[in-house]
1. Among rounded, prolate and oblate, which fits chain C when a ≥ b ≥ c are the square roots of the eigenvalues of its C-alpha gyration tensor, a/c under 1.5 means rounded, and a/b larger than b/c means prolate?
2. How far apart, in nm, are two points set 7 Å out from the Cα along the Cα-to-Cβ line at C:Tyr247 and at D:Val192?
3. Quick one: grab the alpha carbon gyration tensor of the range D:22-320, order the square roots of its eigenvalues as a ≥ b ≥ c, and give me rounded if a/c is under 1.5, else prolate or oblate depending on whether a/b is larger than b/c.
4. From zero up to wherever the largest Cα-Cα distance of the range B:38-317 sits, split into 5 Å bins and tell me the percent of pairs in each.
5. What nm value, rounded to one decimal, do you get for the distance between C:Asp470 and C:Ala381 when each label is placed 7 Å out toward the C-beta?
6. Could you list, in their original order, any pairs among A:Lys239/D:Lys305; A:Lys148/A:Lys173; C:Lys49/C:Lys155; A:Lys87/A:Lys148 whose Cα atoms are separated by more than 20 Å?
7. Please list, or write none, the aspartates and glutamates whose alpha carbon is within less than 15 Å of the alpha carbon of C:Lys116, excluding same-chain residues fewer than 8 places away.
8. Could you tell me, in Å, what Rg and Dmax come out for the Cα atoms of the range C:6-239?
Amino acid sequence: MRSSIAVAAIGALLALAGCATDEPTTAASGSASGTPGSGTGEQSKFFVRAEYDKELALLDATATGPAGKPWEQVLNPAMVETAKFKKPGPHKVCFSNAGLNNPWRQVGFKAMQAEVDTQQSRIREFVHVDAEGKDQKQIADINDLLGKGCDALIVSPNTTATLTPAVEAACQKGLPVIVFDRGVDSACPVTFINPIGGYGFGHVAAEFISQKVKTGGKVLALRILPGVDVLETRWSAAKVAFDKAGVDVVGVEFTDGDPAKTKKIVNDYIQRYGTIDGVWMDAGAVAVAAAEAFLDAGRPVPPINGEDQLDFLRLWRDNKLTAIAPTYPTYQWRTPIIAALRILDGEPVSSPWKLPQPTITQENLEGYVDPDMPPLHYAMCGCADLPGYPQRWK
Amino acid sequence: MSTALPLPAGRTAPGVFVALALTLAAGWLIVTIDGGRLFSQPTIVSLLHVAAGLGLVAVGQTLVIIGGSLDLSVAYVISLSTLVTAQTMAGSDGALLPAVSLTLAVSAAIGFLNGLLVTKARVNAFIATVGVGLLLKGFLDSGYDGPAGETAPALVRSLGYQRVGPVPVSFLLLLAVAGAAWFVLARTRFGHHLIAVGGDPEVARLSGVRNDRVLVTAHVLCALCAGLAGIYLASRLGSGAPRVGTEGLYDLESVAAVVLGGTALAGGRGGVAGTIGGVLLLASIDAIFNQLDVDAFFKQVIRGVIIVAAVAVYARRTLRKAAF
Amino acid sequence: MSDPLLALRGIGKSFLGVRVLEGVDLDVLPGEVHAIVGENGAGKSTLMKVVSGVYRPDEGAVELAGVPRTFSGPRDAQRAGIGIVHQEFNLLPERSVAENVYLGHEPVRRGLVDRKAMLVRTAALLASIGESSLPPGACVGRLGVARQQVVEIVKALALDARLLIMDEPTAALADHEVEQLYALVRRLQRQGIGVLYVSHRLREVFDLAGRITVLKDGRRVVTVDAADTSAGQLVRHMVGRELSGYYPGRAERDDPGPVRLVVRGGGNRKLRGVDLRLRAGEVLGVGGLRGSGRSALARALFGAAPFTTGQVTVDGAPVRLRSPRAAMRAGIAYVTEDRKGEGIVGGRSVLDNALLAGRAIRPAWFGRGARTARVRELLAAVDVRAAGEDQEIRFLSGGNQQKVVLARWLALGPGVLLFDEPTRGIDVGAKSAIHDLVRRLARDGAAVLMISSELPELLGMSDRIIVMRDGRIAGELPAGATEEDVLTLALGAVPAAA
Amino acid sequence: MRIAEGRRPPARILRSRPGGVVPILVILAALLVLLTIRQPDFLAPPSLMSFLGRSAPIILLAAGQYFVIVSGEFDLSVGSLVTAQVVVAARLIDSEPSRTWPVIGLLLAFGAAVGLVNGLVTTRLGVPSFITTLGMFLILVGAVYLWSDGAPKGGLTEEFRRFGRRAFEDVPLVGRVPYALLVLLAVAGLAVLLTRSDFGRNLLAVGGNPRTAELSGVRVWRAKTMAFVVSGLAAAVAAILIGGYSGVSFQAGAGLEFGAITAVVLGGVALGGGRGSVAGAMLGALTLETLFALMNFYGVSGALKSTAQGAIILLAVAVPSVRSSSR
């Protein structure tokens, strides 16, 4: 087509003219190797065996760091030198945020802001740019932040693969880059902070349900959206567990995070299969709706997993469910600020910085049910010691 | 009989550029008072990148809207295009041309389908393109569980990140495409016919215009523009992303940019220049609010108000013109 | 005698099993004006659409210059030299004259539209028909109706049309504009262009046509030389009977009813200093050129484009006619000239259309049965002919649609009725039925104001006539005035100028 | 009036009238047959009742949307309105049973107010409703996130939730009748009554030819504004049912506007106005819900559902329009 030639021609012309470019020189790499699954469908291309094994091992690791402050703890630390980033304060810290479009990110971001408040003397300015869940905007945002004289850049990427070039471009500017939550396919950030991760989450939940369900039992897997890497990882780990346990995954359905849709799906599955012996979900958002579908149909709620959102924990306690809540703690939002300040002090930090990822079980449930917080608040916010608690999260 | 002096057919630049100038001036003032800089190079580059992506789609959307139709499938066409581009390239510069051609061919085919549904099957454009969007959504959801493929480094270097001074190449591409679209509307038979079909399909038909052919072509061009936007996004993202179009709300945003630019949703009136103004206005609001660290939700409220207010202003003007 | 430009041989066409045309033969010679007349539904429009390539005939052949042709569409017919001037203008108001004229066949240079050539050629065409004052770059939406008609004709000529179809070309024109059109048609004739002229107005037909073909029920009744026939004979051919008299009798002179409506100093953007008295039982005719304020007067009285100054009283009580509703409450009804555009809801049933005003003005939950029964009676009284009250009104003929509109208003029992061109586009038979109805309403005590561009109708129906000029009432004429009297007032000059 | 001979297309029975409910009934019946083949007890009272109950909100939204579409406009704001209502309800009720009824009243008022604004901006300011309601969509979503800091607060009481969640138990013959179904029947009855009222008839005229309607004394702006208000009210009732059925969530209303419009169009109502029945619109919604249930029962892969949905919508809309225009 004409236009494609035009694109190429313009590109060539500009290359000849030797114009300025924001393009990073190192190319992105890192493709996934898959392992075929069975019964639950093909294994996702996001499944990386080595990562999976590593995360499962981390589940049993003991954390180092101050007790009672899991956001400062590290699993299997691997320290890196940061002396070259040492700088006198107070600092300007910039944060490119993938979005604030769900309660998990809201709760986390408030924790981060509160952490900034506690470090007021050391942070002169905290710049936050919200990409509203758009890759394209986040790339532009990062580029924009690079012109603002930030001392450190925190990035919570919207998508791993697509944000990699932008993060690499940021690294090349010479300022310390800290990535958390989702990672990037690059070693250039000073550190990557997150809890154990998706494999851990998916595995813990699937193991629990597989144990409670007899071999051949019918399990319904409810997922939010396809194509979101964190959620894909959780599901791929669950597949491994379910295949191993030999349970019958009768359906894998997407709920769009819509509780009404969830209830309808669960309802129809109950009718179609008579009984459902277990429900696995890749995120807690619609756990309450799924459990309610059973209650409304006048049936016992089968073994089910949720997350650390309070509405689910309350339902669990009040209805005495057989349940588990692996978490992806929101306290990880505090850590990047702490890490940024350490790096700017030239102190070594662990890279990657793996945070503990506690699981809420029947035994420790009571400790997490807080009657005063809103229903969609996350129990693992690690925010009780922060300024403004609890009002800030209400 | 009217004694008023017959004025030449109006083709004045729409008020969106005035709004753009005012917005930038006010934004500059507020950002400066706030202690920031609106017109720093990185900010301008970011602004123009955001404008380039939306602009490419909006130019195509302008064409179908002028023709009295609508394309709400563009968001999915964009996502699909990034994937086709990145997967065909698979990181190799050699596959650049075939990949771009294939992407455009796929987009054109979808546009063709949209056009056929709207013309031959007489499905309302809203329903037809939402339906085609759903078809594509199913394909994307079932076929992809995340970013796939790798864009050729040459394309990333050129279209994705190259710039001339503060102006990204992608924005130049947008200007080229917009210029071409303007030229098509003003100087080709197709363009004249498209405006006629949008203005009054019956008049066009009885004047010997082949309405169906014109509308199908417009839909193909619109989808091609969406395909170009997909190629650009693939060059920006380095890979194909199955949700990038929907995340970016490119369907509704492109319609908003078009009407902000003074093109009538009913068809037959408007132009590409206004659309570029609308795109720049939306991108400027984005940039200003970014600088001020305004809550994204507040921004969304403001956006909604601005879109409605702008169209109300246009409507007032046409009302006044039409009165007596 | 030269060979015919166009010859139709045994044209037949059916829609969904209904025969609309059957065995129609017709020819048009170069430089001839061939008129086609017939009642609505006689098949005139369908025949024109067959000639202009919109429909393909089921039977028979269309021959151009002796060669049988099958047109794939309007575009094909245009290429073959057939131009059509539509009853409702086919123009884009947002585009320039030149763009409209060359729509569908823009001059092209190296693949691109040659705008300069377009303007130059349009200017040349306009000059060739004596309209060089019309700038080709002007926006069509801002032109007056008559000039839009010129654009429409130029549009046909731009295709080098050898044959021009004119479908009710004077429908929107005032009388003096019709004269201009005559001049134009005669000029075309001299250039050897054949014209197929469709009209309800027999006067025009006799003024212009060489031969006249009468259609009835899809068949050709007769083709005659205009010189050898009379209006009465034509009407007999069209309706199958001779109409006794065109117009019903007037009100008795010695029985002037009470004053119903008084306007003092009424004015708005289009009207100035209107003083008017309308009595029960009379038909007040309103004459004047198009744009002189006739329709503006009716619309002001109906509150659609209200007076901004002056006072109005109805039956002695002052009223403010700010909206159609206010006017309706004051007992005023308005039958619009644009029936399709603002008189009917095409996709709704006959009954729904007739009930529309009653439902709007007196919405009710109870007693709706009685209201519906009343409307049914009225539909019967005005003699609407339809397949049933559930039939969509758009399938009815113009005359029947107009009767439904009338029934709608009668259901409100209005004391004042405003008719704006009540018989436009209505065939001869239905026309006299409408005339009878108007007269009957007046006799029953309604005050009627009737606008008409057709002077015989105006003179034949009115008890008094006011003539509008430049937004004012230029003068009043008693019954028995002549066409010349009306024109003198309307033009504000000695009519010799025409 | 005389019933005339000739001059009318005779084969009226063959032409399924545009705007009729026959096509949608055929599709619905076909889907139900497929469904019963797979799941024979689907049409048994308990299952059918709960299916109808859970389908009530979308059917209500379609009924509301019908009034707007038939008047020649669009309402793209209903989905965001439902979300806003649910979130607002949770925060205002804040698990306090005594606040249930006042808040329900407030929600209805809120829905009517949003409809009023949509209607007035569209009719009085002359903004195309596509844009007005798109703007309202952005404003409502933005505002509700802003107001709740991005995470819904408070909670709904059992009193509030029972409308969408609970049922009359032990009803003879059918067993269990969800409250939602009763609400649906009541509102559907009202909707049908409304379309038969003078307002409803005039609304059809407004959609068919606004100028004629205006000159016949219909206050077009008022009729259209009323239609938006009806749609807003329907969204409020739907929000109460959805909030009850599934609780608080930002996703409560996501995508419902497209669902409602699709349903209305499936039901034979013409976009652009003037044609179609509210019964058709509601049947359209029921058909859409049946389609989703069908896909659940046949185990159509979650991701492919949208493809199936898109294909069926296109077919259902395209086939009749191609057939009716075959001349």
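What follows is calculated from the coordinates using simple rules that are stated; it is not laboratory data. Computed from a prediction, not measured in an experiment: that's the story for all the values here. Cβ coordinates were reconstructed from backbone atoms using ideal geometry, including for glycine residues, and neighbour counts include every protein chain displayed.
1. The shape class here is prolate.
2. 5.5 nm
3. Verdict is oblate for the range D:22-320.
4. P(r) over the range B:38-317, rounded to whole percents: 1, 6, 13, 17, 18, 17, 13, 8, 4, 1, 0, 0.
5. Inter-label distance under the simple model: 4.4 nm.
6. Checking Cα-Cα distances, A:Lys239/D:Lys305 exceed 20 Å.
7. Reachable aspartates and glutamates: C:Glu99, C:Glu106.
8. Considering the range C:6-239 through its Cα atoms, Rg and Dmax are 17.7, 58 Å.
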